[in-house]
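The values are calculated or read from the model by the stated rules, or taken from the named source; none is laboratory data. Just so it is clear, the model here is predicted, and its values are computed rather than measured. Note that each Cβ is placed from the backbone with ideal geometry, even for glycine, and that neighbours are counted across all protein chains shown.
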Amino acid sequence: MLHFIYLIAISAEAGSGALMAMRRKMDLFGVALVGTVTALGGGSIRDVLLGHYPLGWVRHPEYLLFTIGAALAAALAARLLQRMKSAFLLLDALGLVAFSIIGCDIAAATGVHVAVVVLMGMITGIAGGLLRDVVCNQVPLVLRRDLYATVSLVTGALYMGLLHYGVDRDVATLAALAAGFNLRLAALRMSLALPVPGQGKPAARGEGR
Amino acid sequence: MLHFIYLIAISAEAGSGALMAMRRKMDLFGVALVGTVTALGGGSIRDVLLGHYPLGWVRHPEYLLFTIGAALAAALAARLLQRMKSAFLLLDALGLVAFSIIGCDIAAATGVHVAVVVLMGMITGIAGGLLRDVVCNQVPLVLRRDLYATVSLVTGALYMGLLHYGVDRDVATLAALAAGFNLRLAALRMSLALPVPGQGKPAARGEGR
Amino acid sequence: MLHFIYLIAISAEAGSGALMAMRRKMDLFGVALVGTVTALGGGSIRDVLLGHYPLGWVRHPEYLLFTIGAALAAALAARLLQRMKSAFLLLDALGLVAFSIIGCDIAAATGVHVAVVVLMGMITGIAGGLLRDVVCNQVPLVLRRDLYATVSLVTGALYMGLLHYGVDRDVATLAALAAGFNLRLAALRMSLALPVPGQGKPAARGEGR
């Protein structure tokens, strides 16, 4: 099931990268590349930091077909997607949470400290969007946004905590998925945000990713 | 011969990085560093993604002398180079094609899927310029440009296809070099470009790299 | 002693990252992340380029507590730090020099050429600040600044030179620390800078890091 969600997640991320690339007036190649970097960049950075080779898309190049296809489809259907923004945010939230859990699994298998495991889950979840914003020359949204990274950390910590206390892996996966997904939706709905230091009040919620 | 072309290619790339660094009013150190990152960044990213150690310039630090020398020379001769723009574009096209073939060779030796091989050739060819633009704080030209990355993909695919059908390596190298180089020149001359999604017509050709 | 200085150095770097993140109106998470990336990014890039695994903070996740704590403390005490700017610059200079020596030690242990050792020392010293500036979407200060990278190169070269001529490691460390630190202070005090190509005179000294 997590594998299926993973494919949905990389497609959603590829679509978000493609839409950003279009706003920068990139050509079709740029759209496909930024989509792919957004979808696969987080896992790649995690694996490079862990020295965990080969990278996922090097072993499974068919993932590239998914991300390129999703990026081009998003570019063609851009107007439709703008109207379906809330569906898009749901997919993106599912992707964030799934990426975090998958990232924890992969990092845990390398035997690193549990704090690093949760951090690697977060890197898997957010670094793709961070790369997308760096390549598109803007201050990463993820660093200014409504609990995006926090959701990833909470999901990973919950997942690893459940595993630590002997909960079955499938149950832990489902529980962490559900908790993280609902936390993200609550953050979107209620415009929850971490305080911005030096400001009187929390940052206003940015526009949807 | 490919080694000789490689040295020309890293010099041309270092020069293109140096000129960009000058436009950003960087000091001599910045010029040398951006030139070196432009020249060696593509190969470094390829090797880090493949887990292929040691990196080229770690094993052959003398490459750094080439890139630093070329960057400083380009900075000193900036006015001259502006007039020699077409010679510069020729060298850059040669570099792109040579980088792509060399990148394919190195990736193929690690035993990855042929699609990943061609992709690694492209990364070798374009990632240096992409890093240059990220460090110089602009949206990467390579994502908005006239067939730059496409030339790299075509060159790599042709090269790997010829090898696959048993063509001699030297012949395949020459054929891919010639085809890629001419495609790049044709793209420059005829302002060929991939369509920009969401626009009525293809992007106007940007100014020479 | 170098370990103690290292902890001071990563705290100072984390603080400098946090202050930059605040200027970009990032939330508390962004402040902690940019601080951590600034503090640990240089060493991480060095280790990834060398294929030297596991990374420092993967093996010692307690470093993350230092950098996150320092980043949040700097965010809370931002007004105070603005008044203590010269203390901050001293810490930053100490950090730059300590990072350079530690980077040389780690690179030398992998058996690479001495030129690569000194370069890796410089990457350890400056790449964190470079990542900070890329993430915060500005042209890296380190590429436009008063002898920052040059101090790192001189420190590393002096350190490796002393070791080469049989000087005791502790003595070499102290000598390189003292020389690099004083060179950096002299550069700050006298507004020393490398020439900027294409300009009539050296760049004016930017504001303190």
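Just a yes or no: is a residue in the stretch B:117-126 within 12 Å of another protein chain (Cβ to nearest Cβ) and hydroxyl-bearing (Ser, Thr, Tyr)?
Taking the stretch B:117-126 as the starting set, the residues that turn out to be within 12 Å of another protein chain (Cβ to nearest Cβ) are B:117-120, B:122-123, B:126.
Going one step further and asking which of them are hydroxyl-bearing (Ser, Thr, Tyr), we end up with none.
Checked the stretch B:117-126: no residue is within 12 Å of another protein chain (Cβ to nearest Cβ) and hydroxyl-bearing (Ser, Thr, Tyr).
List the number of the failed condition for A:MET120; all other conditions in (1) without any contact (Cβ under 8 Å) to a residue 60 or more places away in the chain; (2) buried (at least 23 other Cβ atoms within 10 Å of the Cβ) hold. Looking at each condition in turn, A:MET120 falls short on (1). Residue check: C:ALA93 meets all listed conditions (1) surrounded by fewer than 18 Cβ atoms within 10 Å (Cβ to Cβ); (2) touching a Lys or Arg at 6+ places or on another chain (Cβ under 7 Å) but one, namely (1). The one condition from (1) buried (at least 21 other Cβ atoms within 10 Å of the Cβ); (2) under 23 Å from C:HIS3 (Cβ atoms) that C:ALA175 does not meet is (1).
As a summary of the residue check, B:VAL142 satisfies the conditions (1) within 16 Å of the chain's Cα centre (by Cα); (2) not in a helix (DSSP H, G or I) except for the one numbered (2).
Every condition in (1) closer than 23 Å to C:ILE45 by Cβ; (2) within 14 Å of chain C (Cβ to nearest Cβ); (3) in contact (Cβ under 8 Å) with a residue 12 or more places away in the chain holds for A:ALA108 except the one numbered (1). Of the helices (runs of 4 or more DSSP H) lying entirely inside the stretch C:76-139, those containing at least 2 residues that are in contact with a Cys (Cβ under 7 Å, 6 or more places away or on another chain) and either of a type in the set (Lys, Arg) or under 27 Å from B:VAL135 (Cα atoms) (or both) span C:114-135.
Across the stretch B:2-18, the number of residues qualifying as touching a residue at least 12 places away in the same chain (Cβ under 8 Å) and surrounded by fewer than 23 Cβ atoms within 10 Å (Cβ to Cβ) comes to 6.
Consider the stretch A:143-193 and keep the residues that are of a type in the set (Lys, Arg) and out of contact with any Gly (no Cβ under 9 Å at 6 or more places or on another chain). The one that is farthest from the other protein chains (Cβ to nearest Cβ) is A:ARG169. In this structure, A:LEU143 qualifies as surrounded by 15 or more Cβ atoms within 10 Å (Cβ to Cβ) and either over 21 Å from A:ALA14 (Cα atoms) or modelled with pLDDT under 85 (or both).
When you scan the stretch B:24-42, do you find a residue that is basic (Lys, Arg) and either at pLDDT below 90 or more than 19 Å from the chain's Cα centre (by Cα) (or both), even just one? Within the stretch B:24-42 (the criterion being basic (Lys, Arg) and either at pLDDT below 90 or more than 19 Å from the chain's Cα centre (by Cα) (or both)), the answer is yes, since at least one residue qualifies.
Test B:VAL135 against the stated conditions and say whether it is out of contact with any Ser or Thr (no Cβ under 7 Å at 6 or more places or on another chain), within 14 Å of chain A (Cβ to nearest Cβ) and surrounded by 22 or more Cβ atoms within 10 Å (Cβ to Cβ).
yes
Residues that are closer than 16 Å to B:VAL34 by Cα and basic (Lys, Arg) are absent from the stretch B:133-156 altogether. Contact annotation: residue pairs with Cβ atoms under 6 Å, 6 or more positions apart or on different chains, pairing a residue in the stretch A:36-52 that is buried (at least 22 other Cβ atoms within 10 Å of the Cβ) with a partner that is modelled with pLDDT under 95 and basic (Lys, Arg), are A:THR38/A:ARG132.
Let's see how each residue does on (1) farther than 25 Å from C:THR67 by Cβ; (2) over 13 Å from the mean Cα position of the chain (by Cα); (3) crowded, with 24+ Cβ neighbours inside 10 Å:
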site	(1), (2), (3)
C:ALA107	no, yes, yes
C:VAL114	yes, yes, no
C:ILE126	no, no, yes
C:GLY129	no, no, yes
C:LEU163	yes, yes, no
C:GLY166	yes, yes, no
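So for the stretch C:69-90 (the condition being within 14 Å of chain A (Cβ to nearest Cβ), charged (D, E, K, R), on the phi > 0 side of the Ramachandran plot and more than 13 Å from the chain's Cα centre (by Cα)), does at least one residue qualify? Among the residues of the stretch C:69-90, not one is within 14 Å of chain A (Cβ to nearest Cβ), charged (D, E, K, R), on the phi > 0 side of the Ramachandran plot and more than 13 Å from the chain's Cα centre (by Cα), which makes the answer no.
Does C:ARG59 satisfy being among the basic types (Lys, Arg) and either crowded, with 23+ Cβ neighbours inside 10 Å or in contact (Cβ under 8 Å) with a residue 40 or more places away in the chain (or both)? No. For the stretch C:30-66, filtering for residues that are in contact with a Leu (Cβ under 6 Å, 6 or more places away or on another chain) and among the polar types (S, T, N, Q) leaves 1.
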